[in-house]
Amino acid sequence: MGSIAIAVAITAGLAAIAGAFGVAIVVRSTLQGITRQPEIRGPLQTVMFIGVPLVEALPIFAIVIAFLLLGNM
Amino acid sequence: MDSHFLKVDLFGIPWLTVNVPNLILTTVAMAIVFFVTFFMSRKIQMYPTGAQNALEYLVQFIKNVISSTMDWKQGKNFIMLGITIILYVFVANMMGVPFELATADHDVWWNSPTSNPVLTISLAAFIIILTHIYGLKLKGPKEYGKDYFRPAFFMAPFKVIEDLSNTLTLGMRLYANIYAKEMIMVMLVGLGASGVFWAFGAFIPLVVFQAFSVFIGSLQAFIFCMLTMVYMAHKVSEEH
């Protein structure tokens, strides 16, 4: 019971950290691209909106596993 | 806290259960979308005002989303799909924002229907199936079949896995965001209900979080629509 709660906390926390860093890298690169070439803002944003979900996929899996563990409590 | 839904066996089959509140809530969401757009689009004028302006802005927005992912030659098929998806997901996300209804023994009767994984994953599965259907229809069976072996023959298993993981992530992203939103709101309400002092303490965070969940809901609706178009573009557009 207690160990599952700790496992859920660690899983969700690590997923949050990983997601934050991953998305931060993607958005930062996009911002740098936009500041260098403001005229390709639209295509860059499209690529960002494709890239952010790809990065987010694994943290989402981790959160799902946290939910599954939460159901086992 | 441990909220659950009323479940009924369909046709008396024990393993085939139906989530009754979710059925009602999705029907309500569909009705809202249908009637709002229906009555907004009644008096079409040459020089748009009010409601027609808002709808035309939405159509233009979806057009921009589609044309940023694929050619307009294929993309013109998907305007209505995009509008339907973005409106439905947006309304469904917004339904749990103002209030939530539950009986005393935690039977939920009103919340965001998208805070249920079954609903979001079946929505995502339908969209992935739809991309396959449009891939077959617009490119022809031969090109569609060849697509599995591009750029090299060993890519075929990865393409199948990609479809599965796309379904899972597309559904799970929406579910996880909206479920987390609902969970935090329920916690804040529970905090506010625990005493007079906490009621004053929890009021301002609750209002702030409601504003934030409006933002989350619209962003998730946009991302769902955007990703639908991206996956559609993978299947539909011809690569050179």
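Here are the numbers:
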read-out	value
Condition broken by B:F215, with the remaining ones in (1) assigned to a helix (DSSP H, G or I); (2) within 30 Å of B:K139 (Cα to Cα) satisfied	(2)
Unique residue being in a loop (DSSP other than H, G, I, E, B) and out of contact with any helix residue (DSSP H, G or I) (no Cβ under 7 Å at 6 or more places or on another chain) when the list is B:A104, B:A31	B:A104
Residue check for B:T114: within 17 Å of B:V33 (Cα to Cα) and either in a helix (DSSP H, G or I) or out of contact with any Lys or Arg (no Cβ under 6 Å at 6 or more places or on another chain) (or both)	yes
Residue check for A:A9: at pLDDT 90 or above, assigned to a helix (DSSP H, G or I) and out of contact with any strand residue (DSSP E or B) (no Cβ under 9 Å at 6 or more places or on another chain)	yes
Hits in the range B:95-121 (condition: over 14 Å from B:F224 (Cβ atoms) and of a type in the set (A, V, I, L, M, F, W, C))	B:M95, B:V97, B:F99, B:L101, B:A102, B:A104, B:V108, B:W109, B:W110, B:V118
Subset of the range B:226-240 (residues that are farther than 16 Å from B:Y134 by Cα and not in a loop (DSSP other than H, G, I, E, B))	B:M226
Matching residues in the range B:182-234 - criterion: being farther than 16 Å from B:S115 by Cβ, surrounded by 20 or more Cβ atoms within 10 Å (Cβ to Cβ) and more than 14 Å from every other protein chain (Cβ to nearest Cβ)	B:A202
Selection from the range B:115-131 of residues that are of a type in the set (S, T, Y) and in contact with a Phe, Trp or Tyr (Cβ under 7 Å, 6 or more places away or on another chain)	B:S115, B:T120, B:T131
Residue within the range A:20-28 that is at the interface with chain B (Cβ under 10 Å from one of its Cβ atoms), part of a helix (DSSP H, G or I) and without any contact (Cβ under 8 Å) to a residue 60 or more places away in the chain present	no
Count - residues of the range B:154-166 that are within 13 Å of chain A (Cβ to nearest Cβ) and either of a type outside the set (G, A, S) or more than 20 Å from the chain's Cα centre (by Cα) (or both)	4
Any hit, the range B:212-220, residues being within 25 Å of B:Q74 (Cα to Cα) and modelled with pLDDT of 85 or more	yes
Set A:E56, A:E39: member being among the acidic types (D, E), assigned to a helix (DSSP H, G or I), away from chain B (no Cβ under 11 Å) and on the phi < 0 side of the Ramachandran plot	A:E39
Test: residue in the range B:142-154 that is of a type outside the set (V, I, T) and within 28 Å of B:T26 (Cα to Cα)	no
Leading residue by the ranking (farthest from B:G96 (Cα to Cα)) among those in the range B:167-181 that are facing another protein chain (nearest Cβ under 9 Å) and of a type in the set (S, T, Y)	B:T169
Exclusive hit being in a helix (DSSP H, G or I) and in contact (Cβ under 8 Å) with a residue 12 or more places away in the chain, set B:L136, B:L170	B:L170
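Rundown of residues vs (1) in contact (Cβ under 8 Å) with a residue 12 or more places away in the chain; (2) farther than 19 Å from B:N22 by Cα, yes/no style:
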| site | (1), (2) |
| --- | --- |
| B:D105 | no, no |
| B:V108 | yes, no |
| B:N111 | yes, no |
| B:S115 | yes, no |
| B:L119 | yes, no |
| B:A125 | yes, no |
| B:E143 | yes, yes |
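The values are calculated or read from the model by the stated rules, or taken from the named source; none is laboratory data. Since the model is a prediction, treat every value here as computed from it, not as a measurement. Heads up, the Cβs are rebuilt from the backbone with ideal geometry, glycines too, and the neighbour counts pull from every protein chain shown.
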